[in-house]
Each structure stands twice: as C-alpha cells, then as structure tokens.
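Undergrad: Quick one: this structure, given as structure tokens, is what I'll be asking you about.
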Amino acid sequence: MGQRTYGQEYGFQTRAVHTGNDVDGESGAIKRPITMANSYELPYDPTDMNWSSAAGNLYTRNGGSNQKYLQEKLASLEGGEDCIVLSSGVAALSGLFFALLESGDHVIFSSITYIAVYRLLNELFNKKFHVETTIVDVSDLEAIKAAVRPNTKLIHIETPGNPTLAISDIQEIAKIAHENGALLSVDNTFASPYNQRPIELGADFTIESLTKYINGHGDAMGGAIIGKKEFLDSIRSQSQINLGGTISPFNAWLIMRGAVTLPLRMRQHNENAQKVAEWLEKQPCVSFVSYPGLKSHKGHEIAKKQMLAGFGGVLSFGLKADHDTHNRFVSKLKVVTSAVSLGHDESLIVFIGENDERQYLYPEEFHHGFFRFSVGIEDAEDIIHDLEQALQSVNLL
C-alpha cells in the first residue's frame with residue numbers, strides 16, 4: 001500500500017489519529033512498528049555519501065524511521081512546514097538557540113519562562129558565547145518595542161507562561177519581531193497544539209516539550225521544533241546530527257502513540273482545570289488563582305482570542321498560610337501527586353517556595369510561595385474533593 005497523506009482538509013482529531021501512521025509494508029500491521037536500530041543498510045557504493053546528511057535512513061543520530069513518522073504528525077498538528085524531534089524539550093530549546101544565535105546577536109525573552117530558558121539565555125549563552133539577552137515582561141507590548149535593538153535576532157516567549165500562567169499576544173509580538181527583522185519562537189507546551197497553534201498566529205517557530213501533553217502518559221521524553229523548512233534544515237544539521245540530541249526510537253514510538261489521544265485528553269484537561277480554578281477562586285483560604293480561563297485573569301481576553309479550544313490544564317494558586325502549611329497541605333492529598341512535570345493523565349502539584357531565584361520576576365502575589373497544579377483527567381469532582389479534604393486536614397476550611 002502507498003503512503004497515505006492527511007492534509008489540512010482533515011480535522012485535527014483525524015490527523016492526530018492517522019498522520020504519520022501507515023500499514024507496515026513487511027508485516028501488514030496497521031500500526032508502524034518500533035524500529036530499534038541504530039544503523040541502516042548502505043547502498044552498493046557509499047563513498048559519495050554525506051555522513052552528516054538527514055536524507056534517508058543512515059544512522060539514527062541522523063534520523064530514524066520512528067522519529068520521521070512523529071515529525072510528520074507534529075508538523076501537521078502545529079500547521080508547520082517541517083518538524084525536528086529531539087530527546088527532550090530542553091534539547092529542542094537549546095537546539096533552536098544554538099543553531100540560530102551567534103556572538104553579537106541580541107535576544108529578548110520572557111520574564112515568565114521555563115527554568116532552562118532562564119539558564120540558557122540569562123547565563124550560558126551570554127557568558128559563553130557573548131549573545132546579548134534582555135528579560136522583558138512580554139505581556140507588555142510597549143516594553144518589547146523598547147527592548148528591540150538593531151542586532152535583535154530573536155524574541156522568545158512562552159504562553160501560557162511557566163509557572164505563573166502569564167499570557168502574551170502571539171500575533172502582536174510576531175508583528176513587532178518581523179517589523180524589526182527578528183524571528184519569534186513560542187514555547188507552546190502549556191497549551192498544546194490542540195488549544196493553540198503559534199505558527200498560524202505568525203510565529204516562526206513553535207517549541208513543544210513532547211514529554212508533557214503530546215505524550216500525555218508520563219512515560220517518555222521528547223521535544224520538538226516546528227517551523228519553516230529553510231530554518232529547520234540548518235537546525236537539524238547543527239543541533240541533531242552534530243550535537244547529537246537525538247530522540248530514541250522507543251520514545252518516538254511512545255509519543256506517537258500518546259499523540260493519537262491528544263484531542264480527547266485535552267478536552268478533559270481543559271474542562272477539569274476550569275472547574276478546579278473556579279472552585280479554588282471561591283475558597284476564602286486561597287490567596288489567588290491564576291488560570292487564563294478565569295475572567296479575573298489579566299490575560300483572559302487575549303487567551304480567548306488565541307487559545308482555540310480551551311485554556312489548558314495548568315493553573316497556579318496560593319494559600320493564606322505559612323510555608324509549612326503549604327507543605328502539610330500537599331502531604332494530605334490522596335488523588336493529586338506531588339511531583340514535577342505536567343500534562344500527565346494524573347494530577348500533579350509542586351510547591352514553589354518564597355526562595356525561588358526568579359521570584360523577583362513574578363507578580364507580587366507569587367512572592368509568598370505558591371503551587372503549580374497540573375490538573376489531570378480524573379473525575380473533576382474527585383480532584384476537587386481531594387483538595388477540599390486536604391485543606392480541611394490543615395484547618396484551612
């Protein structure tokens with residue numbers, strides 16, 4: 001059977017199921033198998049081959065079958081020309097920055113962003129490679145405009161932002177970037193392509209930690225860069241083949257499997273998080289709730305404009321309590337698990353204390369310690385009851 005293609009004329013859920021999959025030519029299996037090989041057969045005369053090429057199957061560091069199937073699916077779901085899948089979300093972020101940036105370039109990046117971005121751009125790239133960086137509240141368009149320099153090469157944002165759920169206007173920031181000859185990259189991990197597709201809003205690159213919602217089961221790591229082929233060819237050569245941040249065939253296969261149910265899972269994450277956020281907002285012992293689906297959220301109207309299907313499964317909240325009471329509350333939870341990461345089928349919570357090194361970048365209400373809560377796909381009533389009984393156990397309700 002020939003390769004079946006599923007273009008944009010098909011719906012998101014149909015493409016999530018079918019794109020990248022086909023009948024296996026050798027066995028007739030209707031799911032592509034895991035190809036656990038690190039090397040592939042060479043042609044009769046290999047002497048003219050480019051050993052650093054990603055064309056065809058040569059060596060798994062250059063690209064393997066399972067990786068290519070997953071890349072096809074993600075490019076379709078994100079609305080991009082091409083996709084590179086790497087070993088983790090951080091490999092995707094560092095791979096993008098490494099391939100794009102040179103000494104003397106300037107980068108504007110969000111004050112609310114993943115810790116690895118803060119490390120890479122605030123510390124490593126400027127100290128090791130002399131890349132100039134400026135931290136900006138990217139929810140403020142005028143602040144972005146004021147930060148632009150003649151050598152600004154890239155604006156990097158994350159929306160919703162980790163861990164405060166700050167919202168940035170992708171479409172307007174893309175205009176600022178392009179008017180000034182810069183590129184825009186958007187970390188879309190908190191939203192997933194089901195809820196938000198930055199490339200369709202004008203971004204040049206979308207980055208996803210596949211470890212999170214796209215895999216969805218907490219059992220594999222991966223990262224992806226989606227964008228135009230002209231850029232991704234260079235990024236693939238530098239950051240995959242020559243730096244070696246390649247995803248394993250098994251992880252690519254697991255994430256491919258997980259992505260099939262992304263639309264179904266995200267609908268439940270969206271619905272549950274909205275219910276939980278609304279419940280928390282009504283509790284007198286809760287000092288604040290930050291969730292883009294709440295009308296009280298500063299970025300609610302922008303989120304409504306650019307988040308197509310819902311507001312995601314992550315929220316942040318604080319308690320009117322001391323440091324130890326926050327920890328005792330977590331210890332009383334039965335359904336919700338205390339763990340890092342997000343986007344799993346199960347609900348996960350992490351307490352971020354007052355001594356977080358980036359506290360100065362967060363809004364004031366976050367300065368006294370808070371929770372980042374990844375709401376899972378359990379019954380919403382059970383999640384809420386678990387929160388309620390834990391609050392009662394520490395005498396806050």
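Undergrad: Could you list HIS217, HIS130, HIS326 so that the one with the fewest beta carbons within 10 Å of its beta carbon is first and the one with the most is last?
TA: Placing the least packed residue first, the sequence is HIS130, HIS217, HIS326.
Undergrad: Quick one: which residues, 5 or more positions from THR337 or on another chain, have an amide H under 5 Å from its amide H? H modelled 1.01 Å from N in the peptide plane, none for Pro or chain starts.
TA: Residues meeting the criterion, in which the H sits 1.01 Å from N, are SER347, LEU348, ILE349.
Undergrad: Same structure again: Normalised by the number of residues in region 216-346, what is the relative contact order in percent for Cα pairs under 8 Å and 6+ residues apart?
TA: Reported relative contact order: 27 percent.
Undergrad: Further, regarding this structure: Output the Kirkwood hydrodynamic radius of region 177-240, Cα pairs only, in Å rounded to one decimal.
TA: Over region 177-240, the inverse of the mean reciprocal pair distance is 12.7 Å.
Undergrad: So, with +1 on the Cβ of K and R and -1 on the Cβ of D and E, and no other charges, what is the size of the charge dipole of region 12-259 about its Cα centre, to the nearest 20 debye?
TA: 400
Undergrad: Please work out the C-alpha center-to-center distance from region 153-207 to region 20-38 and express it in whole Å.
TA: Taking the Cα centre of each part, region 153-207 and region 20-38 sit 35 Å apart.
Undergrad: Between the helical axis of 380-393 and the dominant principal axis of the chain, each derived from Cα atoms, what acute angle in degrees is found, rounded to the nearest 10?
TA: It works out to around 50 degrees.
Undergrad: Using the alpha-carbon centroid of each, what span in Å lies between region 265-303 and region 40-90?
TA: That distance is 40 Å.
Undergrad: Any idea what angle helix 262-281 forms with the longest principal axis of the chain, computed on alpha-carbon atoms, 0 to 90 degrees, nearest 10?
TA: For helix 262-281, the angle is close to 20 degrees.
Undergrad: Taking only the Cα atoms of region 262-393, how large is their convex hull per residue, in Å³?
TA: Hull volume normalised by residue count: 106 Å³.
Undergrad: Let me know the shape class of region 151-265, please: from the alpha-carbon gyration tensor, a ≥ b ≥ c as square roots of the eigenvalues, rounded when a/c is under 1.5, otherwise prolate if a/b is greater than b/c, or oblate.
TA: oblate
Undergrad: Of the DSSP beta bridges with both residues in region 12-259, give the percent that are antiparallel, rounding to the nearest 5.
TA: 40
Undergrad: While we're looking at this one, here's another question. Quick check on the exposure proxy: order TRP279, TRP51, TRP253 from fewest to most C-beta atoms within 10 angstrom.
TA: Listed from fewest to most nearby Cβ atoms, that is TRP51, TRP279, TRP253.
Undergrad: Shape call for region 12-259 from the C-alpha gyration tensor, a ≥ b ≥ c root eigenvalues: rounded (a/c under 1.5), prolate (a/b greater than b/c) or oblate?
TA: Prolate, since a/c reaches 1.5 and a/b exceeds b/c.
Undergrad: Any chance you could check the Cα centroid distance between region 350-397 and region 209-262 for me, in angstrom?
TA: The two parts, judged by their Cα centres, are 30 Å apart.
Undergrad: OK, next. Counting other C-beta atoms within 10 Å, which of TYR213, TYR69, TYR194 has the fewest, and how do the rest follow?
TA: If I rank by nearby Cβ atoms, fewest first, I get TYR69, TYR194, TYR213.
Undergrad: Listed here are the pairs LYS31/LYS305; LYS73/LYS334; LYS31/LYS212; which of them are more than 26 Å apart at the Cα?
TA: Check vs 26 Å cut-off fails for LYS31/LYS305; LYS73/LYS334.
Undergrad: Also: Below 17 Å, Cα to Cα, which aspartates and glutamates can LYS228 reach? Residues fewer than 8 away in the same chain don't count.
TA: Leaving aside aspartates and glutamates fewer than 8 places away in the same chain, those within reach of LYS228 are GLU72, GLU78, GLU81, ASP82, ASP187, GLU200, ASP204, GLU208.
Undergrad: Per residue of the chain, what 222 nm ellipticity follows from adding -39500 (n - 2.57) for every DSSP H run with n ≥ 4, rounded to the nearest 500?
TA: Per the formula, -9500 deg cm²/dmol.
Undergrad: Also, quick follow-up: Can you tell me the dipole magnitude for region 262-393 around its Cα centre, using point charges on the Cβ only (Lys, Arg +1; Asp, Glu -1), in Debye to the nearest 20?
TA: With only Lys, Arg, Asp and Glu charged at Cβ, the dipole is about 380 debye.
Undergrad: Using only Cα atoms, find the angle between the long axis of helix 170-179 and the longest principal axis of the chain, and express it within 0 to 90 degrees, rounded to the nearest 10.
TA: Relative to the chain, helix 170-179 is tipped by roughly 60 degrees.
Undergrad: Using amide H atoms built 1.01 Å from N in the peptide plane, name the residues 5+ places from LEU243, or on other chains, whose amide H lies under 5 Å from its own.
TA: none
Undergrad: While we're looking at this one, here's another question. For region 132-176, what class follows from the C-alpha gyration tensor (a ≥ b ≥ c being the square roots of its eigenvalues): rounded when a/c is under 1.5, otherwise prolate if a/b is larger than b/c, else oblate?
TA: Prolate, because a/c is 1.5 or more and a/b exceeds b/c.
Here, each number is a calculation from the coordinates, and none is a lab measurement. In this text the structure is predicted, and so the values were computed from the model without any measurement. Cβ sites come from the backbone with ideal geometry, for glycine too, and all protein chains shown count toward neighbours.
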